[in-house]
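Notes to accompany the following structure.
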Amino acid sequence: MDFSLSPELLELQQRTRRFIAEKIIPLEKDARQSSHGPDESLRQELVGLARDAGLLTPHASPEMGGLGLSHVQKAVVFEEAGYSWLGPTALNIHAPDEGNIHLMEEVATPDQKERWLRPQVQGLIRSCFAMTEPAPGAGADPSMLNTTAVRDGSDYIINGRKWFITGADGASYVIIMARMEDGSATMFLSDMNREGIVLERSMEAMDRCFTGGHGVLRFENLRIPATDVLGEVGKGFRYAQVRLAPARLTHCMRWLGQARRAHDIATEYASRRQAFGQPLASHEGVGYMLADNDMDIQTSRLHIWHTAWLLDQGNKCNFESSRAKVVCSEAEWRVVDRCVQILGGQGVTGEKEVMQIFTDMRAFRIYDGPSEVHRWSMARKIVHAFSRDQA
């Protein structure tokens, strides 16, 4: 694998870095943010800036209006965008929209793409992905899916309740995972203003970087025409993997940018803050933390690039994406946690951006599957492969 950047990719990296520094970071103190993320007017301004810079929705295909970036190219650009918590919103590459755009490109019909995907790529609308349910429904175990879809003539009737649905408030459309009468799962598309969709409330969460926050949705006899089935009936779990393998990795990319930002802030502080007659960075306890940060950042980047390269070669990479998700979510979390420690009182107040990065990032070890579930899944595959090789 060649880790060098082509001249074109290097130029795109530097252009994205300048854009984030000059246009996006100055907006981080904008009052149009709450515990449920940037509001719609701020999102539109951010998207407009990225559109003017030619950086909007870079992962989408050129046919849909994007730059058609490969997975390796995304790794470079998404990290740069993630340097600000507003960057992924600006470039239209934040979850859940980024994963939904990828899924729609792969699975949606031409009519569905024109109706929902194209305006989404243009940054005109947002989406959400409704899979997670309250107990005893689906969470880390998708087989526990309780939301039902029953055929009624040329339509399907959906009933159920979902929660922790990122971006639900203000989304224009939703992808719904529902269980069929035979026990299989199917994905359905629906405008969010359709009768039968109720946004019960927005949940209070540690993070505040996602536009629309995290909502609780209820489906009451929601009628979906068969033309709005996403892909084929009964293949919902398969399509979930089409979405999740790259989506796990793009989380790693974006949060790597935030970890690098926290490290830069902590390094600058440790270089100038005096304690016991010398800069903090001169004390081994602090210097070692900075060195450990560098190793965790580089380890994360190598896992991301390697898995992205495999995806570009056409591999499914379910095992590798699980491994990268665990390694990166835990390494990047360690980086930010150390930065809080280095900054001391500055790290636990809004005086430094690291406090928000810390609270935003904690959930990364849960999003798209907790670390424990990925380890369990990997262990099963490791044992199965060993048994097969010994046979």
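The values are calculated or read from the model by the stated rules, or taken from the named source; none is laboratory data. The model shown is predicted, which means the values in this text are computed figures rather than measured ones. Please note: Cβ atoms are built from the backbone with ideal geometry, for glycine as well, and neighbour counts cover all protein chains shown.
Structure above, values below:
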| read-out | value |
| --- | --- |
| Condition met for S143 (part of a helix (DSSP H, G or I) and not aromatic (F, W, Y)) | yes |
| Subset tally (residues that are of a type in the set (A, V, I, L, M), surrounded by fewer than 16 Cβ atoms within 10 Å (Cβ to Cβ) and under 26 Å from F364 (Cβ atoms)) for region 143-185 | 1 |
| Unmet requirement for C339, which otherwise passes all of (1) within 30 Å of H59 (Cα to Cα); (2) touching a His at 6+ places or on another chain (Cβ under 7 Å) | (1) |
| Candidate set: region 209-242, residues that are of a type in the set (V, I, T) and part of a strand (DSSP E or B); chosen: the one farthest from the chain's Cα centre (by Cα) | I224 |
| In region 344-367, the residues that are assigned to a loop (DSSP other than H, G, I, E, B), farther than 15 Å from C328 by Cβ and either in contact with a Ser or Thr (Cβ under 9 Å, 6 or more places away or on another chain) or not small (G, A, S) (or both) | T349, E351, K352, E353 |
| Residue that is surrounded by the fewest Cβ atoms within 10 Å (Cβ to Cβ), among those in region 110-128 that are over 22 Å from L42 (Cα atoms) and without any contact (Cβ under 8 Å) to a residue 60 or more places away in the chain | P110 |
| Residues located in region 367-391, provided they are surrounded by fewer than 16 Cβ atoms within 10 Å (Cβ to Cβ), over 19 Å from S143 (Cβ atoms) and not charged (D, E, K, R) | I382, V383, A385, F386, S387, Q390, A391 |
| Any hit, region 291-306, residues being aliphatic (A, V, I, L, M) and within 30 Å of G213 (Cβ to Cβ) | yes |
| Qualifying residue in region 113-127 (condition: outside any helix (DSSP H, G or I) and touching a strand residue (DSSP E or B) at 6+ places or on another chain (Cβ under 8 Å)) | yes |
| Pair list, Cβ < 7 Å and 6+ apart or interchain, from region 204-215 residues that are under 14 Å from T89 (Cα atoms) to residues that are among the basic types (K, R) and crowded, with 23+ Cβ neighbours inside 10 Å | T211/R126; G212/R126 |
| Matching option when the condition is in contact (Cβ under 8 Å) with a residue 12 or more places away in the chain, among the hydrophobic types (A, V, I, L, M, F, W, C) and closer than 15 Å to E80 by Cα, among A270, A259 | A259 |
| Residues being surrounded by 14 or more Cβ atoms within 10 Å (Cβ to Cβ) and either polar (S, T, N, Q) or within 18 Å of P279 (Cβ to Cβ) (or both) - total across region 345-355 | 3 |
| Neighbours by Cβ (under 8 Å, 6+ apart or cross-chain): first from region 376-388, assigned by TED's automatic domain parsing to the domain that holds A140 and over 10 Å from S322 (Cβ atoms); second exposed (fewer than 10 other Cβ atoms within 10 Å of the Cβ) and modelled with pLDDT of 95 or more | none |
| Matching entry among A140, A168, A178 (being touching a residue at least 24 places away in the same chain (Cβ under 8 Å), within 21 Å of N92 (Cα to Cα) and either outside the structural domain of R365 (by TED's automatic domain parsing) or out of contact with any Cys (no Cβ under 9 Å at 6 or more places or on another chain) (or both)) | A168 |
| Any chance V242 is within 28 Å of N100 (Cβ to Cβ) and surrounded by 14 or more Cβ atoms within 10 Å (Cβ to Cβ) | yes |
| Inter-residue pairs, beta-carbon under 8 Å, first free of Cβ contacts under 8 Å to residues at least 12 places away in the same chain and in region 52-63, second in a loop (DSSP other than H, G, I, E, B) and surrounded by fewer than 17 Cβ atoms within 10 Å (Cβ to Cβ), 6+ apart | P62/G68 |
| Where G37 falls short, out of the listed (1) under 21 Å from R118 (Cα atoms); (2) buried (at least 24 other Cβ atoms within 10 Å of the Cβ) | (1) |
| Answer from K352, K316 - the residue that is modelled with pLDDT under 95 and of a type outside the set (G, A, S) | K316 |
| Residues of region 209-253 that turn out to be on the phi > 0 side of the Ramachandran plot and in contact with a Ser or Thr (Cβ under 6 Å, 6 or more places away or on another chain), as a count | 2 |
